[in-house]
Amino acid sequence: MKLYYFSEMPHHEFPDEEGLKYPSLRLEFPNRFFNPAIAASNYQRYLDEYELADQAGFDGLMINEHHSTPSCVNVGVNMTAAVLGRITRRAKILLLGNILPIEDNPVRMAEQIAMADLISGGRVLSGFVRGVGVETWWANTNPVHNRERFEECHDLVLKCWTDPGPFRWEGKHYHFRHVNPWCLPLQKPHPPIWVPGTASPETAIWAGQRGYTYVPFLVPFDIARELFDYYRQGAAEAGRTVTPDNLGFLICAVTADTRAKALEAGRHFVWRMGPTLRAPLEFMSPVGMRSRAGNQFALRARPRSLAAMSYEELIAEHFIIASTPDEVADRFAHIQKELGIGHLLLEAQESRMDHPTTMRSIELMGAKVIPTMGALA
Amino acid sequence: MEPREETMSVGGVDVHVWKGGRGDPLLVLHGAGGNRGFTRWLRQVAERYTVWAPTHPGFGRSGDADWMETVDDLARFYLWFIEAAALGRPHLLGQSIGGWTAAEMAAMSPRAIDRLVLVSPAGLKPETGEILDVFYYPAPQLRAMTVHDPKTIPEWEELYGRPPTPAEIEIATRNQEMTARLAWKPYMHNPRLAHFLPRVTNPALIVWGREDRIVPVECGEQYRRLLPNATLSVLEGCGHLPPIEQPDAVARLVIDFLGGTRS
């Protein structure tokens, strides 16, 4: 099983009581609490951590993109991919991912991902996401078009990568008279495509039909299995065989020299389970963004919100793993056995987890956990 | 004629219609909240006019129209509806996004309608304020902002007094989705509409609630300035839903206006 290192590059350097004065940290928390000097040094620090993760032996470095929130100030996944492509040498760079429905120019997106693939020597794994509602508000994209734009943007990006230009694109949401990108991916026919999932059966089926790697984020095991069943349904429709390489899972994980230190560090993940997700439903899921089936599945997928769970419960349910390297390796093996996955994505830094703690966790993962993963799956 | 419901096919869309009353035809276009049918104000108006109150495509029990993108699509659709229903040259009344639709119809084809009544219409960008983002707020908070004072609303119990049924929730979601489809961006207005309104010389009545927190009353002034033959009637102590909040006053205003000298 392959391990991936991931940080949301948070900007949690503000008094928490200030955040509580607003309906959400997303969209509404004023950016006067954004501190450019701190953000500048945070970027250096987060990139140093990614660099070490590459050296320590992680199979991949995962990055994502959000907007208008202190929980993630990685505001340009392709920009970060290009930087990582230059400062790292070995690991795959997993963009998970570009937010297709809010993109107004898929041709530029295709060029930028291609450029990151070229700079990194063909290490890009190109994830495509529908995004949470916050990004729809940020971009002011009509939420009722979310799925249509996701699919059309995907189709145009793929065409940019695989069909010789120049060509014309007159779709429903995208219109380009002269498409002829002079920047194409190194990987042929194109970088592997990954898709995350939390609650949408349609997305799981869609990914299965295309053989893309599918990764549920922070859901209970039984929900992950159910989503994988939808994925298999889609794969079967297209006559595809599903292997562990098609399936991934995302959790939060940290290790340290002692169990006590790891447990202390792991508490920082609680911030991303509650405070950074606190928002009116309308912020996260504006009207029409999800199908009725997706809405119903979402209600079942989250019988209890992550915010309502204690730290101990989050650990017991495998949303957070925080322990010594040996125990962490055992828990990863358990997850692999439960879900049959080939890729485990570790959200490995959060909130105010400090630089030394993060670096030590990466070192220990490299020295003691990653070497045991090869025997799995 | 007692109010009754029927379904008409126009342009491949099955349109649910409330119909009733006697007298000259009056086409009534509902707002984003959906078609409430013959509530108190409309029953009074129907004593003098034959009311046609269709449910917009994509709303309530009307068929889907996922291909529509803007309120001018809806306006063109209703110009077709007028022909399909053989309404001749009806009076036209619209409320909120239905008012915006009515204004677009009048600008597209002023001679297709007789008199025009706009009740708290969206459609114009306020010169100083903003149109409230109705998609951004949870339903209870939004409802509190939509009306001025629930205690003064005679039909409050009938309309909002019990929790909605699952079927009603489904319809409310449908109504919201279609509203988003038509009015997400530019939000609740058409930047070009103001350029066409001076074409509409039809007698027009604009009705607004002074305390409207959804579409500010300054938009009523803008409509009055742009429409060459319009009067603006502002109701005190009233929010965004004059026909619900002050049904008797609205019915009287509408009947008096439509009963004036024919154009």
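Set the Förster radius R0 to 41 Å, insert the Cβ-Cβ distance between A:Glu170 and A:Asp229 as r into 1/(1 + (r/R0)^6), and round the FRET efficiency to 0.05.
0.65
Would you mind calculating the relative contact order of segment A:222-377 from Cα pairs under 8 angstrom and at least 6 residues apart, reporting the percent as a whole number?
42
Can you put A:Cys72, B:Cys238, A:Cys183 in order of Cβ neighbours within 10 angstrom, beginning with the fewest?
Fewest-to-most ranking of A:Cys72, B:Cys238, A:Cys183: A:Cys183, A:Cys72, B:Cys238.
Which far-off residues, 5 or more places away or on another chain, put their amide H under 5 Å from the one on A:Cys72, with H placed in the peptide plane?
A:His11
On a full-extension model of 0.36 nm per residue, what is the gain between B:Ala86 and B:Asp256, subtracting their alpha-carbon distance, rounded to one decimal in nm?
58.7 nm
Taking other Cβ within 10 Å of each residue's Cβ, how do A:Ser351, A:Ser41 sort, fewest first?
Listed from fewest to most nearby Cβ atoms, that is A:Ser41, A:Ser351.
Could you grab the relative contact order for chain B? Cα pairs under 8 Å, six or more apart, rounded to a whole percent.
Reported as a whole number, the value is 21 percent.
For the pairs B:Lys151/B:Lys185; B:Lys19/B:Lys125; A:Lys21/B:Lys125; A:Lys172/B:Lys19; A:Lys172/B:Lys185, note any where the Cα-Cα span goes beyond 25 Å.
Those over the limit are B:Lys151/B:Lys185; B:Lys19/B:Lys125; A:Lys21/B:Lys125; A:Lys172/B:Lys19.
In peptide B:172-185, how many Cβ atoms from other protein chains are near each Cβ within 10 Å, on average?
Going residue by residue through B:172-185 and averaging, the value is 4.
For segment B:159-263, what mean projected area does the convex hull of the alpha carbons give, in nm²?
8.6
Over the Cα atoms of segment A:204-260, Rg to Rh with Kirkwood Rh, two decimal places?
We get a ratio of 1.17 for segment A:204-260.
Just grab the label-to-label distance for A:Glu338 and B:Arg210, each label 7 Å out from Cα along the Cβ direction, in nm (one decimal).
Placing both labels 7 Å along Cα→Cβ, they lie 6.3 nm apart.
Can you give the longest stretch of chain B with no exposed loop site, where a site means trypsin sites (Lys or Arg not before Pro) in a DSSP loop (not H, G, I, E or B) with at most 11 other C-beta atoms within 10 Å?
B:23-191
Step through the residues of segment B:27-42 one at a time and calculate ³J(HN,Hα) from phi using the Karplus curve (6.51 cos²θ - 1.76 cosθ + 1.60, θ = phi - 60°), rounding each to whole Hz and writing x for Gly and Pro.
After applying 6.51 cos²θ - 1.76 cosθ + 1.60, I find 8, 10, 10, 7, x, 4, x, x, 8, 8, x, 8, 7, 3, 5, 6 Hz.
Which of A:Leu345, A:Leu156, A:Leu94 ends up with the largest GNM mean-square fluctuation for chain A, with Cα atoms connected below 10 Å?
A:Leu156
Could you give the Stokes-Einstein D for the protein assembly as shown in µm² per second, using the C-alpha Kirkwood radius, 25 °C, 0.890 mPa s?
Reported coefficient: 90 µm²/s.
Along the charge dipole of the protein assembly as shown, Cβ charges K/R +1 and D/E -1, which of B:Gly12, B:Ala84, B:Pro242 sits furthest on the positive end?
Working it through, the farthest residue towards the positive pole turns out to be B:Ala84.
Can you give the net charge of the other residues whose Cβ lies under 10 Å from the Cβ of A:Glu338, counting K and R as +1 and D and E as -1?
Result for the neighbourhood of A:Glu338: +1.
Step through the table entries A:Lys2/A:Lys92; A:Lys2/A:Lys188; A:Lys92/A:Lys368; A:Lys159/A:Lys188; A:Lys2/A:Lys368, compare each Cα-Cα distance with 18 Å, and write down the pairs that go over it.
Correct reply: A:Lys2/A:Lys188; A:Lys92/A:Lys368.
Quick check on chain B: helices-only [θ] at 222 nm, where DSSP H runs of length 4 and up contribute -39,500 (n - 2.57) each and the sum goes over total residues. Nearest 500, please.
Using -39500 (n - 2.57) per qualifying helix, the result is -10000 deg cm²/dmol.
Expressed in nm², what is the orientationally averaged projection area of the convex hull enclosing the Cα positions of segment A:30-95?
4.4
Sum -39500 (n - 2.57) across every DSSP H segment of at least 4 residues in chain A, then divide by the residue count to get the 222 nm mean residue ellipticity, nearest 500.
Calculated at 222 nm, the ellipticity per residue is -12500 deg cm²/dmol.
Of A:Pro164, A:Pro106, A:Pro192, which is the most mobile in a GNM of chain A whose springs link Cα atoms less than 10 angstrom apart?
In the Gaussian network model the winner is A:Pro164.
Mean projection of the alpha-carbon convex hull of segment B:1-102 over all orientations, in nm²?
5.7
Separation of segment B:1-54 and segment A:64-124 by C-alpha centroid, Å?
That distance is 53 Å.
Return the distance in nm (one decimal) between the two label points of a simple spin-label model at B:Arg43 and A:Arg210, each offset 7 Å from Cα along Cα→Cβ.
Reported label-point gap for B:Arg43 and A:Arg210 is 5.5 nm.
Once you have a ≥ b ≥ c as the square roots of the Cα gyration tensor eigenvalues for segment A:69-159, tell me rounded if a/c is under 1.5, and otherwise prolate or oblate according to whether a/b is larger than b/c.
The shape class here is oblate.
Which residue fluctuates most in the GNM of chain B (Cα springs below 10 Å): B:Ala102, B:Ala86, B:Ala204?
Result for chain B, Cα springs under 10 Å: B:Ala86 fluctuates most.
Starting from the Cα of B:Glu155, step 7 Å along the direction of its Cβ; do the same at A:Arg292; then give the gap between the two resulting points in nm.
2.6
R0 = 56 Å: FRET efficiency of B:Ala144 with A:Asn105, Cβ-based, nearest 0.05?
0.90
Roughly how many debye, to the nearest 20, is the charge dipole of the protein assembly as shown about its Cα centre, given +1 on each Lys and Arg Cβ, -1 on each Asp and Glu Cβ, and no other charges?
Roughly 960 debye for the protein assembly as shown.
Could you line up A:Asp222, B:Asp14, A:Asp59 from fewest to most neighbouring Cβ atoms inside 10 Å?
Ordered by Cβ neighbours within 10 Å, fewest first: A:Asp222, B:Asp14, A:Asp59.
Set the Förster distance to 56 Å, then compute FRET efficiency between A:Gln55 and A:Ser310 from the Cβ-Cβ distance, nearest 0.05.
0.95
Report Rg/Rh for chain B, rounded to two decimals, where Rg is the Cα radius of gyration and Rh the Kirkwood radius.
With Rh from the inverse mean 1/r over Cα pairs, Rg/Rh is 0.92.
Which whole-number percent is the relative contact order of segment B:1-74 (Cα, under 8 Å, 6+ apart)?
Worked out over segment B:1-74, it gives 33 percent.
We did not get these values from a lab; they are worked out from the coordinates using the rules stated. Since this is a predicted model, take the numbers as computed values, not measurements. Every residue, glycine among them, receives a Cβ derived from its backbone with ideal geometry; neighbour counts consider all protein chains shown.
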